[in-house]
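Notes follow the structure.
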Amino acid sequence: MTSVTVTSETGGTLPTNLKAGATLKLGAKATYTDGTSSMATSQATFTSLDTAIATVNGNTLTLIKEGTAKVTATIGAKTSGTTTIPVAAAA
């Protein structure tokens with residue numbers, strides 16, 4: 001495996017219009033040395049880098065307050081780059 005990418009649970013791009021109080025199911029895409037890729041969510045460990053803004057339980061991201069959620073996914077020894085998700089104030 002050459003890289004890990006944080007995605008939505010279905011493998012798509014993450015939304016950019018989320019508000020505090022929302023939840024989001026995360027996914028992880030693994031890319032391999034032969035150039036192929038596949039969803040590997042069940043093998044990933046997700047981490048929130050600022051638990052005051054968002055927390056992770058399994059692959060569910062819970063947005064707590066306005067700010068920028070920063071998330072990584074790790075599969076084995078490979079960790080994704082930091083994915084940022086803007087969080088607006090709750091309505």
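The values are calculated or read from the model by the stated rules, or taken from the named source; none is laboratory data. Everything quoted here is computed from the prediction, not taken from an experiment. Note that each Cβ is placed from the backbone with ideal geometry, even for glycine, and that neighbours are counted across all protein chains shown.
Confirm whether T72 is within 11 Å of the chain's Cα centre (by Cα), surrounded by 16 or more Cβ atoms within 10 Å (Cβ to Cβ), assigned to a strand (DSSP E or B) and among the hydroxyl-bearing types (S, T, Y). In short, yes.
Applying the condition of being of a type in the set (S, T, Y) and under 11 Å from the mean Cα position of the chain (by Cα) to region 1-54 and asking which residue is nearest to T74 (Cα to Cα) yields T45.
On the stretch given as region 75-91, residues that are over 9 Å from the mean Cα position of the chain (by Cα) and either closer than 19 Å to S8 by Cβ or part of a strand (DSSP E or B) (or both) total 8.
Close contacts from region 55-68, counting a first residue that is under 11 Å from L18 (Cβ atoms) and a second that is of a type in the set (F, W, Y), with Cβ to Cβ under 8 Å and a gap of 6+ residues or different chains, come to L61/F46.
Contact map, region 70-91: first residue more than 10 Å from F46 (Cα to Cα), second residue surrounded by 19 or more Cβ atoms within 10 Å (Cβ to Cβ) and not aliphatic (A, V, I, L, M), Cβ cut-off under 8 Å, separation 6 or more or different chains; pairs are K70/S48; G81/T72; T82/T72; T83/T72. If only residues of region 1-28 that are over 26 Å from A88 (Cβ atoms) and either in contact with a helix residue (DSSP H, G or I) (Cβ under 7 Å, 6 or more places away or on another chain) or not hydroxyl-bearing (S, T, Y) (or both) are counted, the one that is modelled with the lowest pLDDT is M1. For first residues located in region 1-16 and in contact (Cβ under 8 Å) with a residue 24 or more places away in the chain and closer than 22 Å to D34 by Cβ, partners that are of a type in the set (D, E) and assigned to a strand (DSSP E or B) and lie 6+ apart or on another chain with Cβ distances below 6 Å do not occur.
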